[in-house]
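Here's the structure, in structure tokens; my notes come after.
Read-outs throughout are calculated quantities, based only on the coordinates presented, and are distinct from any laboratory measurement. Note that the structure is predicted; figures quoted are calculated from it, not measured. We place every Cβ from the backbone using ideal geometry, glycine too, and count neighbours over all the protein chains shown.
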Amino acid sequence: MTQKTRNVSMTCRHWGISRDTFYRWKKDYADKGEAGLINSKPCPENSAVRVDPIIEERILYLRKNYHLEQAKISWYLARYHGLKVSISCVYSVFCRHGLNRLPHNLRARQVFCATK
């Protein structure tokens, strides 16, 4: 379309995109061809900030064998192994492996007090 009109502003207005987007698409097309125009994720598949696999194994071991919650696992790793792992990091490991919920029979139970 730009080749016909020789006007980037009119082309962008016609397609409803910004000039920044136009030039980004033009650069991607020049670099990679049609493959450069395919939508891609802006971030890598495996994040560099992901927890170490050895620590992840320890977290999963504690969850599966002792049914500990996120805060207790974080505290345990800091105290006994010298590993500083945040509670949210422990929870994200649980979610990745489908362990974010304890089995129904192991959840906290209500405490009933006898009344006089």
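Quick notes on this one:
- Note on A78 and R50: the extension gain reaches 8.3 nm, defined as 0.36 nm multiplied by sequence separation minus the Cα-Cα distance.
- With neighbour counts taken as other beta-carbon atoms within 10 Å, the residues V93, V51 rank, fewest first, as V51, V93.
- Over the chain, the Kirkwood radius and the radius of gyration, each from Cα atoms, give a ratio Rg/Rh of 1.36.
- The sum of -39500 (n - 2.57) across all DSSP H runs of n ≥ 4, divided by the residue count of the chain, sets its helix-only mean residue ellipticity at 222 nm to -15500 deg cm²/dmol.
- Out-of-range pairs (alpha-carbon distance over 24 Å; input K41/K64; K4/K26; K4/K27): K41/K64
- Of all lysines in the structure, those lying under 20 Å Cα to Cα from K84, and not within fewer than 8 positions of it along the same chain, are K72.
- Point-charge dipole on Cβ atoms (K/R +1, D/E -1) for the chain, about Cα centre, debye to 20: 400
- Net charge contributed by nearby residues that have their C-beta within less than 14 Å of Y91 (K/R +1, D/E -1): +3
- Inter-probe distance in nm under a simple model that places probes 7 Å from Cα toward Cβ, at H104 and T5: 6.1
- Among the trypsin sites (Lys or Arg not before Pro) in the range 36-104, those located in a DSSP loop and surrounded by at most 10 other Cβ atoms within 10 Å of their own Cβ are K84, R101.
- Residues in the range 74-90 carry Karplus couplings, in order, of 4, 5, 4, 5, 5, 6, 9, 10, x, 9, 8, 10, 6, 5, 5, 5, 4 Hz; the curve used is 6.51 cos²θ - 1.76 cosθ + 1.60 with θ = phi - 60°, and Gly or Pro positions show x.
- The calculated pair-distance distribution of the range 53-104 uses every alpha carbon pair, bins of 5 angstrom beginning at 0, and gives 5, 23, 39, 24, 8, 2, 0 percent.
- Taking every C-alpha pair closer than 8 Å and separated by at least 6 residues, the mean separation divided by the residue count of the chain gives a relative contact order of 13 percent.
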